[in-house]
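Read the structure below first, then the notes.
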Amino acid sequence: MRRDTFLKSLAALAASGALPLSAWAAANVKMMIPANPGGGWDSTGRALGKALQDAGVAASVTYENKGGAAGAIGLAQFFNASKGDPNAMMVMGAVMLGGIITGKPPVSITQVTPIARLTTEYNVFVLPENSPYKSMAEVVAQMKKDPGSVKWGGGSRGSTEHIAAAMIAREAGVDAAKINYVPFRGGGEATAAILGGNVTVGGSGFSEFQQYIEAGKMKAIGVTAPARIKGINVPTLKEQGINVEIGNWRGVYGAAGITPAQRDALTEMIVKATKSKAWAEALDKNGWTPALLTGKAFDEFVDRDFAGLRAIMVKSGMI
């Protein structure tokens, strides 16, 4: 068979979704990161891109950061610009679900294609180095006196740290609607605000604050885990008498309008990437817990988490 005829045959098979990933050249992946640089989604997207290349399933990866509204701005752009593109991916997670519940954006996560959950991580709350407070107990005591005087800094409204702050307020007998939550478009902005003392207390994944905690520029005062996390010497909120537990997770979606076969191919790419040396190094470096979930199990997980987050928000007075 002539080479040009062979390539045309491959292209036809690929277009029909009948060609297995192993028979096709590595993809040129376009990765939407719906947050500004410096945060968890940004580090996840770039680590995943590196892992895709390390696994040999991506020839190249280009990244686009589009922050704001708990990822809803990036989601809308991804939905509109990537329809039917089998090589387009978007990083997302629990924060986006929370933002959709609170913000009710015109584009929902149900309009794009679920591929995989990648990792789980609990939030840590920190104080800036020069904070007058020394513990979560002192922060809560001040919030009970004057809710507005305590500025909680973190990701967009509806993020897991926002939900956690509202849950802490509820446990303390404070109206969650009165908490002073300051949202940021990305982890880099939130970190700068905490370091600059522009917020009272900040929340995010431990990996985002780790270097500053270890350098003494931030003081960790509580994690939202059910028990202490191995290797992280920070007390849980429950240890401190605050009955709050909430986890964060991050995953990846494909474009709207791709075929079931194209979804399967993307899933195969992700699974191979998570078995790469580059991904193992990213997990270790960032303290992420691997939590791969694909197919129907991932679809059902997202549905459950949507319902669970909504219930928490209702109970905490956020919606």
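Scan (1) more than 14 Å from VAL150 (Cβ to Cβ); (2) touching a helix residue (DSSP H, G or I) at 6+ places or on another chain (Cβ under 7 Å) for the single condition GLU214 breaks and write down its number.
It is condition (2) that GLU214 fails.
Going by what's in this entry, would LYS30 be described as of a type in the set (D, E, K, R), crowded, with 19+ Cβ neighbours inside 10 Å and at pLDDT 95 or above?
Criteria met by LYS30.
I need the full set of residues from the range 209-247 which are closer than 12 Å to PHE125 by Cβ, buried (at least 17 other Cβ atoms within 10 Å of the Cβ) and not aliphatic (A, V, I, L, M), in order please.
PHE209, LYS219, GLY222, THR224, THR236
When the residues of the range 248-261 are narrowed to those that are more than 14 Å from GLY295 (Cβ to Cβ) and either aromatic (Phe, Trp, Tyr) or surrounded by 17 or more Cβ atoms within 10 Å (Cβ to Cβ) (or both), which ends up nearest to the chain's Cα centre (by Cα)?
Among them, the one singled out is ARG250.
Conditions: (1) in contact with a strand residue (DSSP E or B) (Cβ under 7 Å, 6 or more places away or on another chain); (2) more than 30 Å from GLY45 (Cβ to Cβ); (3) crowded, with 23+ Cβ neighbours inside 10 Å. ASN123 meets all but one. Number of the miss?
Status for ASN123: all satisfied but (2).
May I ask you to list the residues in the range 148-178 that are crowded, with 23+ Cβ neighbours inside 10 Å and assigned to a loop (DSSP other than H, G, I, E, B)?
Once the filter is applied, which keeps residues that are crowded, with 23+ Cβ neighbours inside 10 Å and assigned to a loop (DSSP other than H, G, I, E, B), the range 148-178 yields VAL150, GLY155, SER156, GLY158, SER159.
Filter the helices (runs of 4 or more DSSP H) completely within the range 241-319 down to those with at least 2 residues that are under 16 Å from THR113 (Cα atoms).
In the range 241-319, the matching helices (runs of 4 or more DSSP H) lie at 260-274, 295-315.
Scan the range 78-111 for residues that are open to solvent by less than 10 Å² (accessible area, probe 1.4 Å) and either touching a strand residue (DSSP E or B) at 6+ places or on another chain (Cβ under 8 Å) or among the hydroxyl-bearing types (Ser, Thr, Tyr) (or both) and report the count.
Final tally of qualifying residues: 9.
Tell me which residues, restricted to the range 263-309, are at pLDDT 95 or above, open to solvent by 30 Å² or more (accessible area, probe 1.4 Å) and of a type in the set (Ser, Thr, Tyr).
Answer for the range 263-309, where residues must be at pLDDT 95 or above, open to solvent by 30 Å² or more (accessible area, probe 1.4 Å) and of a type in the set (Ser, Thr, Tyr): THR274, THR294.
Report whether or not SER316 is hydroxyl-bearing (Ser, Thr, Tyr) and either open to solvent by 50 Å² or more (accessible area, probe 1.4 Å) or closer than 17 Å to GLU161 by Cβ (or both).
Yes.
Working carefully through the options THR102, THR110, THR120, find the one that is closer than 14 Å to PHE301 by Cα and either in a helix (DSSP H, G or I) or free of Cβ contacts under 8 Å to residues at least 24 places away in the same chain (or both).
THR110
Are there any pairs, at least 6 apart or on different chains, whose C-beta atoms fall under 8 Å, with the first in the range 39-65 and closer than 20 Å to ALA280 by Cβ and the second of a type in the set (Phe, Trp, Tyr) and open to solvent by 40 Å² or more (accessible area, probe 1.4 Å), and if so, which?
Cβ pairs passing all conditions: GLY45/TYR63; ARG46/TYR63; GLY49/TYR63.
Working only within the range 65-77, note down all residues that are within 16 Å of the chain's Cα centre (by Cα) and either surrounded by 20 or more Cβ atoms within 10 Å (Cβ to Cβ) or at pLDDT 95 or above (or both).
ASN65, LYS66, GLY67, ALA69, ALA70, GLY71, ALA72, ILE73, GLY74, LEU75
The values are calculated or read from the model by the stated rules, or taken from the named source; none is laboratory data. Since the model is a prediction, treat every value here as computed from it, not as a measurement. We place every Cβ from the backbone using ideal geometry, glycine too, and count neighbours over all the protein chains shown. What goes into the accessible areas is simple: the full protein's heavy atoms, side chains included, and nothing from ligands, DNA or RNA. Shrake-Rupley method; radii C 1.70, N 1.55, O 1.52, S 1.80 Å.
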